[in-house]
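Q: Pasting in a structure now, in structure tokens, and then I'll have a few things to ask.
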Number of protein chains: 2
Amino acid sequence: MSHNTAEINRRLREAGYRVTPQRQLILDAVCKLGKHVSPDAVYEVVRRNTPSLSRATVYRTLHFLTEQRILAMVQMSDGRVAYEVAGPEPHHHLVCRTCDSYLELPHSVLRTFRQRMESQYDFEVDVSHVSFFGHCNDCRDTAGA
Amino acid sequence: MSHNTAEINRRLREAGYRVTPQRQLILDAVCKLGKHVSPDAVYEVVRRNTPSLSRATVYRTLHFLTEQRILAMVQMSDGRVAYEVAGPEPHHHLVCRTCDSYLELPHSVLRTFRQRMESQYDFEVDVSHVSFFGHCNDCRDTAGA
DNA sequence: ATATTAGTTGCGACAATTTGCAATAACCAA
DNA sequence: TTGGTTATTGCAAATTGTCGCAACTAATAT
Ligand SMILES: [Mn+2]
Ligand SMILES: [Mn+2]
Ligand SMILES: [Zn+2]
Ligand SMILES: [Zn+2]
């Protein structure tokens, strides 16, 4: 997934945030590294360019860009999180507990569920990048339970 | 939720595990502290009784008791996990991102979703104690998005 | 009771992530 | 340009959680 730098910078400034070299480097790194990137992988890439860039900034910026819906956060099966550039439409994940592979689901699979929670419980479910855990076709036989 | 000590101890021993004072203290602490207890809260309680009991043992035991289905693990909105005594039937949670309150859902709400993932993607979703995040009725107005 | 055995614990080191705070620098207005 | 305001960064310390390993002890048999 790629990203439109000019458009993003405009959005950030309009909301009162600043466009810093760190933020641009980190976003570029996630973009280049592809899907489901770990904070540490991002850190390793950006430090090649800017060794002074700190780990704290990587974590903070990944959170920040996720809040701005420029990135999306994905729960992995071991409890850690990964990031990816957010597309125009959110999607969901089926993450295998055994081999850590994942399938991506269209946004639509949770539409009726969301509506049901809304009407029955007055609860507005955030149906953006939800992860479900379990076992993929290859791992079902070998994995217990 | 309470627990039947004698029955649990029998089950553990039968499976080749041991009933230790640490495990009993930790289980009692979760039970006494109520629902959705953090590892640190458990640690604070048990160390009053047994100061030598280590943090590592708390984490290991909470994992262990979850594997044995004596406890259940719940994802909280900040990514951390909490524990509760597992009832006879699993249930799910609607966790509010703003106030951290939660609603409990019956196990059945994911039955059709699970079947759909099974038939469409050959993926076996683990539908035990799933957390969904969003905003509760009280927080919907105040919270952005 | 005593000994044997293997599951469990505590410790310390380590890895991962968060946070407070002073220094910095992006943005904007003049 | 220049200067002021304040969001952001880097650093270091604090949290949070994991791991290897030697010492310990619960369970079982003798
Ligand atoms: Mn994805
Ligand atoms: Mn619950
Ligand atoms: Zn798999
Ligand atoms: Zn709420």
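The values are calculated or read from the model by the stated rules, or taken from the named source; none is laboratory data. Quick caveat, the model's predicted, so the values are computed rather than measured. FYI the Cβ positions are ideal-geometry reconstructions off the backbone, even for glycines, and counts take in every protein chain you see.
Q: Pairs, please: C-beta under 6 Å, at least 6 apart or cross-chain, first residue surrounded by 13 or more Cβ atoms within 10 Å (Cβ to Cβ) and in segment B:108-121, second not aromatic (Phe, Trp, Tyr)?
A: B:Leu110/B:Val127; B:Arg114/B:Val125; B:Arg114/B:Val127; B:Met117/B:Val125; B:Tyr121/A:Leu103
Q: Among the residues of segment A:78-97, which ones are surrounded by 18 or more Cβ atoms within 10 Å (Cβ to Cβ), part of a loop (DSSP other than H, G, I, E, B) and within 16 Å of DNA strand D (Cβ to nearest atom)?
A: none
Q: Do we have A:Leu12 as under 13 Å from the mean Cα position of the chain (by Cα), within 11 Å of DNA strand D (Cβ to nearest atom) and more than 14 Å from every other protein chain (Cβ to nearest Cβ) here?
A: No: the conditions fail for A:Leu12.
Q: Which residue is surrounded by the most Cβ atoms within 10 Å (Cβ to Cβ), if the candidates are limited to segment A:48-71 and must be in a loop (DSSP other than H, G, I, E, B) and near DNA strand D (Cβ under 7 Å from one of its atoms)?
A: So, considering only residues that are in a loop (DSSP other than H, G, I, E, B) and near DNA strand D (Cβ under 7 Å from one of its atoms), the one surrounded by the most Cβ atoms within 10 Å (Cβ to Cβ) is A:Leu53.
One line per residue, one yes/no per condition, for (1) more than 11 Å from chain B (Cβ to nearest Cβ); (2) under 16 Å from A:Thr20 (Cβ atoms); (3) not polar (S, T, N, Q):
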{"residue": "A:Asn49", "(1), (2), (3)": "yes, yes, no"}
{"residue": "A:Ala56", "(1), (2), (3)": "yes, yes, yes"}
{"residue": "A:Tyr59", "(1), (2), (3)": "yes, yes, yes"}
{"residue": "A:Ala72", "(1), (2), (3)": "yes, no, yes"}
{"residue": "A:Ala86", "(1), (2), (3)": "yes, no, yes"}
{"residue": "A:Pro106", "(1), (2), (3)": "no, no, yes"}
{"residue": "A:Met117", "(1), (2), (3)": "no, no, yes"}
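Q: Filter segment B:15-47 down to the residues that are within 16 Å of ligand 2 (Cβ to nearest atom) and not in a helix (DSSP H, G or I), then identify the one that is nearest to the other protein chains (Cβ to nearest Cβ).
A: B:Ser38
This table checks each residue for (1) within 9 Å of chain B (Cβ to nearest Cβ); (2) over 18 Å from B:Val130 (Cβ atoms).
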{"position": "A:Ser101", "(1), (2)": "no, yes"}
{"position": "A:Arg114", "(1), (2)": "yes, no"}
{"position": "A:Tyr121", "(1), (2)": "yes, no"}
{"position": "A:Glu124", "(1), (2)": "yes, no"}
{"position": "A:Arg140", "(1), (2)": "yes, yes"}
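Q: Go over the candidates B:Ser119, B:Ser128, B:Ser108, B:Ser77 one by one and state the one that is at pLDDT 95 or above and either outside the structural domain of B:Pro39 (by TED's automatic domain parsing) or within 21 Å of the chain's Cα centre (by Cα) (or both).
A: B:Ser119
Q: Given A:His36, A:His93, which one is within 30 Å of B:Glu118 (Cβ to Cβ) and within 16 Å of DNA strand C (Cβ to nearest atom)?
A: A:His36
Q: Among all residue pairs at least 6 apart or on different chains, which show Cβ distances below 7 Å where the first residue, located in segment A:29-44, is of a type in the set (Phe, Trp, Tyr) and the second is in a helix (DSSP H, G or I) and surrounded by fewer than 16 Cβ atoms within 10 Å (Cβ to Cβ)?
A: Taking only residues 6 or more apart or on different chains, the pairs are A:Tyr43/A:Arg55.
Q: Does B:Leu110 count as outside any strand (DSSP E or B) and facing chain A (nearest Cβ under 9 Å)?
A: Yes; evaluated as a whole, the condition is true for this residue.
Q: Give the residue, chosen from B:Val30, B:Val19, that is crowded, with 18+ Cβ neighbours inside 10 Å and modelled with pLDDT of 95 or more.
A: The match here is B:Val30.
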